[in-house]
1. Among the residues of segment 9-56, which ones are under 25 Å from residue 106 (Cα atoms), in a loop (DSSP other than H, G, I, E, B) and among the polar types (S, T, N, Q)?
2. Just to check your reading of the model, which residue among 126, 113, 171 is over 26 Å from residue 58 (Cβ atoms), modelled with pLDDT under 95 and not in a loop (DSSP other than H, G, I, E, B)?
3. Pull out all pairs, ordered by first then second residue, where Cβ-Cβ is under 6 Å, the residues are six or more apart or on different chains, the first lies in segment 140-156 and is over 10 Å from residue 125 (Cα atoms), and the second is assigned to a loop (DSSP other than H, G, I, E, B) and not hydroxyl-bearing (Ser, Thr, Tyr).
4. Return yes or no: is residue 194 of a type outside the set (Asp, Glu), surrounded by 19 or more Cβ atoms within 10 Å (Cβ to Cβ) and either modelled with pLDDT of 95 or more or over 23 Å from residue 168 (Cβ atoms) (or both)?
5. Identify the single condition in (1) in contact with a strand residue (DSSP E or B) (Cβ under 8 Å, 6 or more places away or on another chain); (2) farther than 25 Å from residue 142 by Cβ; (3) buried (at least 19 other Cβ atoms within 10 Å of the Cβ); (4) not acidic (Asp, Glu) that residue 89 does not satisfy, given that it satisfies every other one.
6. Only one residue in 163, 247, 210 is among the small types (Gly, Ala, Ser), out of contact with any Asp or Glu (no Cβ under 6 Å at 6 or more places or on another chain), surrounded by 15 or more Cβ atoms within 10 Å (Cβ to Cβ) and farther than 26 Å from residue 71 by Cβ. Which one?
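The values are calculated or read from the model by the stated rules, or taken from the named source; none is laboratory data. Model, not experiment: these values are computed from the prediction. No Cβ is skipped: glycine too gets one built from the backbone with ideal geometry, and neighbour counts run over all protein chains shown.
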Amino acid sequence: MQRAAFAALGLRGWSYQHLPVPPELFVETVRALGAAGFVGANVTVPHKRVALALADSATPAARAIGAANTLSFLPDGSIDVDNTDAPGMLAAIGAPVAGLSAVVLGAGGTARAAAWALREAGASVAVWNRSAERAQALAADLGVSAISRPQAADLLVNTTTVGMDECMSPADVLTTLALDSDLLSSYAQVVDFVYATAPTVLVSAARERGVATVDGLEILVAQGVLSFARWTGLVAPLGPMRRAAEGGDDV
C-alpha cells in the first residue's frame, strides 16, 4: 500500500518494509531505525503502548489514548509518535457517531484508540474483554463503561485478534467474542479491525444477517493515508493505496 503511494507520486528512493520484532527487542530496534535511514514506522500488536512509552514527543491524541501506532524519526534523532488508528476508524465508518451507542471488544492499544475516538466523537462507549480487569482499567483511564458481556448497541467494534486465524469456524469466533447470532443481528453496524483481502469471519457473519460492516482493510487504508502524510508532508494518493491493499496493485 505505501509502496504504491510512493510510486504514484514518483517518490524514488522511498520504500516500506516489514520488520518482525519480538517484544524484548522492540525498544532497541526502534531506537536504531532513525540512524539507519528510516523516516517513520507503523507498529502493531503488541507494541503500541511501548511505542508511546519510548517516544520523545507525542501528539495529544496518542497521549490521551495511551498508545501509538505511527512513529516519525526526526532529523535531531528524536522520535515523535501519533495514533492514526483513531481517526482512521472514524474515517472508515464514514458517518457521524455522535449520539450512538458502541460496544468495543478488546482492551489493548487498538481498543484504547477505538474507545477514545468514539467517545471524543460523541458516542456512548462500553468496553468488553475476556479479562474483566483489563476492561475495567481501560474504562477507568478513558472515562467509558466496562461491561461483563457484550450487549446490544448501534455499533460493535472488534479490536481483538479473534478471527485472524482463518481456521476458526464462525461459531468459534462468535463464542470467543461472547456473541451469539441474535445479538450480532441487533447491531446497526459491525466494525472489525482484523484485516485480510477476504472478509473476516465476523464481517461475513454480520453481512449474512444484513448488518452494515466496516472491515479492517478499510481502516488499514484510512490510517495508512494519515501515516503517509505525516512522513512525506504530501497528500496521500487514496486510489492507488486502496487498490494495493485490496491486492489489485503491488509495487
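1. 44
2. Working: 126 fails: modelled with pLDDT under 95; 113 fails: over 26 Å from residue 58 (Cβ atoms).
The unique qualifying residue is 171.
3. 149/178; 150/178; 150/179; 154/100; 154/188
4. For residue 194, the condition - of a type outside the set (Asp, Glu), surrounded by 19 or more Cβ atoms within 10 Å (Cβ to Cβ) and either modelled with pLDDT of 95 or more or over 23 Å from residue 168 (Cβ atoms) (or both) - is not met.
5. The single condition residue 89 does not satisfy is (2).
6. 163
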